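Below: one structure, written as structure tokens.
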Amino acid sequence: MKIDSFYLSCLARDLESSFHGARINAVLSEAYFYQLDTTKGPLLISLLQSSPLIGKTFLPTDKKERKLSQMIGNLSIDAIRNVEGDRIIVFQLSDRLKIINRQLIVELIPNYATLLILENDNIIFSTRLIGAGKRSFVLGKRYLFPPKPEGAKNLYHPLRREIIEKIPEHARHLLEKHLSRRDLPYMVVARELAWPTPSATTTALDLASTEVSRQIESYYENIERKNARKETQWEQRGPVDKQEIEERVGKLKRWGQVLLSLPLDTKGEVLIKDWVTGEETSVNLSQFHTPVEAAKSFFEKAKKTEKQLLNGETKKTRFARKETSAKAQRYPYRRILYDDVPIYIGLSASGNDFVTFSSAPEHWWFHVKEGTGSHVVVRTSFLTDDIAQVAAKLAAFHSSKSAENKVEVVYTQIKNVWRHPKNKKGLVLYKNFQTMVVEPASEKTVLGTT
């Protein structure tokens, strides 16, 4: 969906109505994404340079951004507004006694997306050093909004302007009058652009939340692809000839020792011999000040060759071990395809939150009954018996009852699931559910694992 300052004005309005008065508990971060964990739910800021945006969805990580959490943790959101005619959203923050007053500035400008914290209009935190309009973000210096372009070029996306300019003049007047209204709560997407309407099914915040969830999924998929390429590269390198490298290292060290035995005033080209193998090599001492320097060069070559042996033997093992441990933290959910229908499995508390609350209201949610386990979400509104059986088996397998032969699983639509009042990650309540009894089964037993 194309984003412009007009759409962001509607988004800021929705953010204000949803998060006004919310207290920020902590800030979580992963790469380009920052999640404000608030008392009214998660608020996720995506600084992905191609299409930065703000939505209401979960970041599947437990990694705290300590610096930001210290700066804006326990502060409440007093107001949210967008800078008219620009792609900037401003959060006004303060503590309970109104002693501390700070601003969270999010510049949603492609290629220059930035998150800043201001106190008394001075910058105390920034994710970038240089912003749009060649502005420098120096800590302690006053923050300046970017210079506005001439005319209304920054008000509408070029596609929106083109649509407006092509319609008849009388209709254009009515459309612009319609666009100036802020009392229309819903949005519809037409020709990749969002337009306000009194009778659509989603708000500007809903559209933004869906887009941000897609960005998060794409980010994790890219990481998986990169790691798969690395593993392939290590496999293609083949085994290391340990004996050959050890012989080479010994030879270099012995040649170095021979050079150390030469008189310091030795010049020109000399022939040195390995007393073990009998192999000879010539060294041009005119390139060095003394034979000692030439010997050092041989010892350094031996050291580098030893590192190659160490890397060849252990780097692949270390890489595999590192990736195995990282995947448990980095990939908090798993996605499989069954009959071309995506099924998401949460693998941690934050992963459960993400797969559940980043899904549409009409999608289907599965969980083991009266036990702990993964949230399994089938992202389709039309649930067949076959797909329901598969999802239930996966929910049973990823649960505390996986060792049992028969497990009871509950399922309902996402619209019937909500967070527990304790606001604890992965903890939910649900209603209007159905149950089925299945035998636990892993992903390997179902088709289309991706």
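The values are calculated or read from the model by the stated rules, or taken from the named source; none is laboratory data. Only a predicted model underlies this, so the values are computations on that prediction, with no experimental measurement involved. When we count neighbours, we look across all protein chains shown, and the Cβ atoms used for this are built from the backbone with ideal geometry, even at glycine. With ligands, DNA and RNA removed, areas are computed over all heavy atoms of the protein, side chains included. Shrake-Rupley method; radii C 1.70, N 1.55, O 1.52, S 1.80 Å.
Per residue, what accessible area does the range 181-293 have, given a 1.4 Å probe and all protein chains present, in Å²?
Details: 7100 Å² over 113 residues.
Ligands and nucleic acids excluded, the figure is 63 Å² per residue.
Treat the range 165-310 as a sphere of radius equal to its Kirkwood radius over Cα pairs and apply Stokes-Einstein at 37 °C in a medium of 0.692 mPa s; give the translational diffusion coefficient in µm²/s, rounded to a whole number.
Numbers: Rh = 22.7 Å.
Stokes-Einstein gives a translational diffusion coefficient of 145 µm²/s.
With each run of n ≥ 4 DSSP H residues scored as -39500 (n - 2.57), what mean residue ellipticity at 222 nm is computed for the chain after dividing by its residue count and rounding to the nearest 500 deg cm²/dmol? Intermediate values should be presented prior to the final figure.
Numbers: 10 runs with 152 residues, N = 450.
For the chain, the value works out to -11000 deg cm²/dmol.
List the lysines whose alpha-carbon lies under 16 Å from that of residue 64, not counting same-chain residues fewer than 8 positions away?
424, 425
Over all directions, what mean area does the Cα convex hull of the range 98-149 project, stated in square nanometres?
3.8
Sort 197, 412 by accessible area with a 1.4 Å probe, largest first.
Details: 197 25, 412 5 Å².
Largest accessible area first, the list is 197, 412.
Given a 1.4 Å probe and heavy atoms of the protein chains only, how would you sort 183, 386, 78, largest accessible area at the top? Mind showing how you got there, number by number?
Values: 183 100, 386 75, 78 45 Å².
Solvent-accessible surface, decreasing: 183, 386, 78.
Which of the GluC sites (Glu not before Pro) across the range 335-422 are loop residues per DSSP, with 11 or fewer other Cβ within 10 Å? Kindly include the intermediate steps, with their values, before the conclusion.
On the way: sites: 362, 370, 404, 408; in loops: 362, 370, 404.
Within the range 335-422, the qualifying GluC sites (Glu not before Pro) (loop, at most 11 other Cβ atoms within 10 Å) are 370.
How much net charge surrounds residue 136 when only other residues with a Cβ under 15 Å from its Cβ are counted (Lys, Arg +1; Asp, Glu -1)?
+4
Under 25 °C and 0.890 mPa s, how fast does the chain diffuse according to Stokes-Einstein, given a Kirkwood radius computed over C-alpha pairs? Answer in µm²/s, whole number.
Values: Rh = 26.6 Å.
After rounding, the answer is 92 µm²/s.
Write down the radius of gyration of the range 1-62 and its Dmax, each obtained from C-alpha positions, in Å.
Gyration radius and largest Cα-Cα distance of the range 1-62: 12.0, 34 Å.
Taking the Cα centre of the chain as origin and charging only Cβ (+1 Lys, Arg; -1 Asp, Glu), how large is the dipole, in debye to the nearest 20? The partial results should precede the final answer.
On the way: 68 positive and 53 negative charges, 207 e Å.
The calculation lands at about 1000 debye.
I'd like the carbon and sulfur percentage of the solvent accessible area for the range 99-139, probe radius 1.4 Å, heavy atoms only, ligands and nucleic acids excluded. Display every interim value, and only then the final one.
Values: 1010 of 1890 Å².
Carbon and sulfur atoms account for 53 percent of the accessible area of the range 99-139.
Give the lysines reachable from residue 307 as a straight Cα distance under 28 Å; neighbours fewer than 8 places away on the same chain don't count.
List returned: 226, 230, 242, 251, 253, 273, 296, 315, 316, 322, 327.
With every protein chain kept in the model, how would you rank 1, 71 by accessible area, 1.4 Å probe, largest at the top? Don't skip to the answer; put the middle values down first.
Working: 1 70, 71 30 Å².
Greatest to least solvent exposure: 1, 71.
Please give the contour-minus-distance gain from residue 415 to residue 145: 0.36 nm per residue of separation, less the Cα-Cα distance, rounded to one decimal in nm. Could you put the intermediate results ahead of the total?
Working: separation 270, 0.36 × 270 = 97.20 nm, distance 4.03 nm.
Length gained between residue 415 and residue 145: 93.2 nm.
Where the only charges are on Cβ atoms (+1 Lys, Arg; -1 Asp, Glu), what is the dipole of the range 371-450 about its Cα centre, to the nearest 20 debye?
Values: 11 positive and 6 negative charges, 113 e Å.
I would put it at about 540 debye.
Under the definition of Cα pairs under 8 Å and six or more residues apart, what whole-number percent is the relative contact order of the chain?
Working: 815 pairs, mean separation 46.5, N = 450.
About 10 percent, as a whole number.
FRET efficiency for residue 434 and residue 189, Cβ-Cβ distance as r, R0 = 51 Å, nearest 0.05? Write down the numbers at each step before the final one.
Working: r = 33 Å, r/R0 = 0.64.
Approximately 0.95, to the nearest 0.05.
I'd like the Kirkwood hydrodynamic radius of the range 1-116, using the inverse of the mean 1/r over distinct C-alpha pairs, in Å.
Details: mean 1/r = 0.0707 Å⁻¹.
Final number for the Kirkwood radius of the range 1-116 is 14.1 Å.
How much of the accessible area of the range 333-380, in percent, comes from carbon and sulfur atoms when a 1.4 Å probe is used?
Values: 720 of 1550 Å².
Heavy-atom surface of the range 333-380 belonging to carbon and sulfur, 1.4 Å probe: 46 percent.
Extension gain residue 265-residue 386, at 0.36 nm per residue separation less the Cα-Cα distance, in nm?
Working: separation 121, 0.36 × 121 = 43.56 nm, distance 8.66 nm.
Roughly 34.9 nm would be gained on extension.
When the chain is fully extended, how far beyond the present Cα-Cα distance does residue 301 get from residue 138, taking 0.36 nm per residue of separation? Present the calculation step by step, with values, prior to reporting the outcome.
Details: separation 163, 0.36 × 163 = 58.68 nm, distance 4.46 nm.
Gain on extension, residue 301 to residue 138, equals 54.2 nm.
Taking N as the number of residues in the range 360-409, what is its alpha-carbon radius of gyration divided by 2.2 N^0.38 Å?
On the way: Rg = 10.8 Å, N = 50, 2.2 N^0.38 = 9.7 Å.
With N residues counted in the range 360-409, Rg over 2.2 N^0.38 Å equals 1.11.
At a temperature of 20 °C and a viscosity of 1.002 mPa s, determine how fast the range 154-213 diffuses translationally according to Stokes-Einstein, using the Kirkwood radius over alpha-carbon pairs as Rh; express D in µm²/s, rounded to the nearest whole number. Let's see the in-between values first.
Working: Rh = 12.5 Å.
D, rounded to a whole number, is 171 µm²/s.
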